[in-house]
Amino acid sequence: MTFQQFAYRNVIRNSRVYAAFFMASIFSVMVFFIYSMLMFHPNIEDQFLQDIAFGGMLVAEIILIIFTLFFLFYSMSAFLQARSKEFGILLNLGMDREQMDRLIFIETMILGFISIAVGIFFGFSFSKFFFMVIREMFLLDSLPLYLSWKPFALTIFVFLSLFITISISSAMYIRKKEIIQLLKGNWRKSDDVDFTKWKANLGFGLLLAAYSLVIISTYYMNIEMSIIIIILATVGTYYFFTDSILYLLHQIRKRKNLYWHRYRLIAFAEVSIKIRENARMFFIVTIVSTIAFLSVGVVTSFSTFTGQYRALNPVSIFYSSNWDNPFEREHIMKITNQLQSDNLSYELVKFNVKKQTSSSNGEVVHLIRESEINSLAISLKYPILDLPAGKAQFLTDIKETMGNDNEQEVQTVLAESSVPIYIQGVYDYQLFPSFVMDKQTIIISDEDYRLINEPLMGYGVNESNITYYAFHVPEWLRTKNVGTDLVNIMTSSLANTNHNPNPFYFENPGLDYSVIQATFSLLLFTGLLVAAVLLLAAGSFVYFKLYTDLERDKKQYDVLRRMGVTDRELVKIVNRLLIPQFFLPWGLAMVHSTFSFLFLQALWVDLAAISIAMEMLLVLAAFTLIQVSYFYLIRWRYIAHIQI
């Protein structure tokens with residue numbers, strides 16, 4: 001048998017130990033390769049879409065590289081610890097340190113090469129499906145599967161470098177230990193669990209302080225406080241696992257009515273030792289799980305915003321023109337020609353808006369007649385108005401009126417034309433963009449509208465009028481190419497100021513939505529894949545530790561069997577040992593995420609009056625289902641091994 005064959009057979013013999021590591025590595029390579037395929041896709045010609053795709057994928061791949069490096073290093077250390085007795089025997093039989101380093105290097109690289117090859121194979125196999133999803137997100141005509149050396153070269157280079165780094169560092173881990181230490185294997189001290197009381201209280205205090213600051217921030221929206229909250233929660237989580245939870249278990253053990261029970265006695269004693277030994281691992285799993293929960297939660301809240309975007313922008317294309325706009329006819333003709341050339345059916349409603357002064361507050365108000373509002377309402381399938389002479393309603397921005405009394409009543413006179421009106425309530429639907437609703441707009445009856453024959457004080461007749469053009473396009477998502485030159489003018493004009501210097505205003509929600517939807521959908525898809533890698537790795541950390549201690553645990557359970565413990569009772573003991581290891585870090589991560597979502601909910605309400613409560617519940621419920629399924633899978637395999 002050659003040295004290389006010996007290394008290969010070592011990998012095969014330890015396949016059970018390497019299984020989770022191998023699967024997580026394959027999944028990381030697959031996700032990285034899929035991202036690389038999108039980054040280098042030649043058919044994304046739009047510069048903005050290229051920037052979104054490249055930027056989003058680049059950030060995701062950097063996160064994957066950093067985390068995968070850490071994950072591989074931790075998991076390989078766990079594997080080497082599980083095989084330390086094997087290495088001690090080999091050294092005792094005459095293998096020198098250089099051969100040991102070479103053996104570990106070859107074994108790690110074998111795993112690396114297989115992981116890279118299988119990951120790229122599955123990545124390329126799923127790339128077509130990934131491109132179909134991206135095509136729908138970006139509303140592209142086609143995004144075919146392509147073949148290029150760049151994604152392959154980048155993936156192989158990155159992960160080969162990672163595995164080489166891990167191979168070298170793993171060899172150093174064994175080199176530092178003496179043969180007697182290796183032969184002892186996973187032997188541990190049996191002394192009592194130690195903790196520091198002030199550190200235990202500090203852990204509780206820091207977590208409570210972080211949660212309290214989150215609640216305070218939701219009322220005062222102090223975003224700058226988030227950095228302090230993150231630091232407090234991170235440090236508090238570390239002390240919670242190293243000292244606080246051990247302090248709680250110590251208090252429980254002092255109560256004999258709770259502790260002196262045939263199952264609890266063994267479970268509490270063993271859990272205390274495992275938490276002390278694995279405190280740092282639990283801390284890592286909690287932080288990684290929290291990041292995974294938040295990444296999905298944040299990008300899911302973005303998709304909620306896109307879902308409500310249409311309700312905030314019901315008019316498909318909007319154009320307003322001042323009295324001195326020389327481009328009005330040219331622009332309207334261009335918009336209609338573009339709609340017709342794209343075979344888009346549309347309905348156009350023209351609004352002649354008049355300006356008057358309200359006697360109740362002395363402010364200038366914009367007046368729109370009821371029949372024009374009803375024409376647009378019929379197109380949008382909104383309720384129509386039936387205002388008698390002298391009655392009116394406010395038409396304002398939904399975000400401004402939200403939370404206000406919709407039954408507000410105002411008796412006023414339109415000063416210039418001496419027309420009395422009684423304003424009662426607000427029209428429940430937003431019709432026009434928020435930017436043009438900076439002044440009070442009032443819907444009046446056609447009879448009152450005809451009585452307004454005097455211009456605004458200090459202005460001419462034409463200067464007192466504004467014209468709105470509202471285009472209703474049923475296939476509004478296809479309007480993203482309509483009026484792009486006007487969009488560019490508006491973007492450059494409003495880049496540094498909130499004042500519009502142009503004699504017109506143009507807005508195309510279809511174009512804006514296509515950008516928002518593409519960006520947020522890509523973030524959601526990216527976040528889901530990254531979160532999947534993080535969750536798989538978080539569960540694998542627990543898996544690695546369980547199988548690291550498997551031989552020792554089997555000996556303990558053999559002793560219990562000889563003492564008369566049945567297999568059914570053994571399963572109960574195993575449950576009490578595994579549940580804290582799986583659900584304690586996960587539970588704390590859920591608490592962290594819940595408070596983070598409370599802050600995120602307050603932020604969205606402040607920005608856009610949007611509720612994300614249902615989405616957050618779905619995210620937490622989905623992760624709960626995943627964690628429970630993973631727990632039963634690992635428990636099934638663990639019990640099967642200890643009963644052999």
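The numbers here are math on the coordinates, done by the rules we state, and not lab data. Predicted, not measured: the structure shown is a model, and the values here were computed from it. All Cβ positions, even for glycine, are placed from backbone atoms using ideal geometry, and neighbour counts span all protein chains on display.
What's the ranking of 103-113, 338-348 by average number of surrounding C-beta atoms within 10 Å, highest first?
With the highest mean Cβ count within 10 Å placed first, the list reads 103-113, 338-348.
When the label point is put 7 Å from the Cα of Leu633 along its Cα-to-beta-carbon vector, which residues of the stretch 92-135 have a backbone N closer than 12 Å?
none
Among Ile573, Ile579, what is the fewest-to-most ranking by other Cβ atoms within 10 Å?
Neighbour counts put them in this order, fewest first: Ile579, Ile573.
How are the C-alpha pair distances of the stretch 327-367 spread across 5 Å bins, as whole percents from the shortest bin up?
Using 5 Å bins, I get a P(r) of 5, 17, 16, 15, 10, 10, 10, 9, 5, 2 for the stretch 327-367.
Among Trp149, Trp586, Trp476, Trp198, what is the fewest-to-most ranking by other Cβ atoms within 10 Å?
Trp149, Trp198, Trp476, Trp586
Quick one: compute the contact order of the stretch 315-513, relative version, from alpha carbon pairs under 8 angstrom and 6+ residues apart, as a percent.
37
Given the stretch 436-490, what whole percent of its Cα pairs are spread farther than 13 Å?
79
Label Val133 and Arg97 with points 7 Å out from Cα along Cα→Cβ: what is the distance between them in nm?
Result for the modelled spin labels: 4.8 nm.
Given 5 Å bins starting at zero, what is the percent of C-alpha pairs of the stretch 315-513 in each, up to the one with the largest pair distance?
Here the calculated profile for the stretch 315-513 is 1, 7, 15, 19, 19, 17, 12, 7, 3, 0.
Please work out the FRET efficiency for the pair Glu409 and Met457, using the Cβ-Cβ distance as r and a Förster radius of 22 Å; give the result to the nearest 0.05.
Rounded to the nearest 0.05, the efficiency is 0.30.
If I model a spin label at Val235 and Lys254 as a point 7 Å from the Cα along the Cα→Cβ vector, what separation in nanometres do I get?
In this crude spin-label approximation the distance works out to 2.7 nm.
Sorted by average packing, counted as other Cβ atoms within 10 angstrom per residue and highest first, what order do 312-318, 322-328, 115-121 take?
Ranked from most to least packed, the peptides come out as 312-318, 115-121, 322-328.
If I take R0 = 45 Å and measure r between the Cβ atoms of Glu330 and Leu208 in this structure, what FRET efficiency does the formula 1/(1 + (r/R0)^6) give, to the nearest 0.05?
The value I calculate is 0.10.
Simple spin-label model, 7 Å along Cα-to-Cβ: Met614 to Trp198 in nm?
With each label placed 7 Å out from Cα toward Cβ, I get 5.2 nm.
Expressed in nm to one decimal, what extension gain is obtained for the pair Tyr146 and Val515 from 0.36 nm per residue of sequence separation less their Cα-Cα distance?
Result: 130.4 nm gained on full extension.
Determine, for Asp96, Asp553, the number of other Cβ atoms within 10 Å of each Cβ, and report the residues in order from fewest to most.
With the fewest neighbours first, Asp96, Asp553 line up as Asp96, Asp553.
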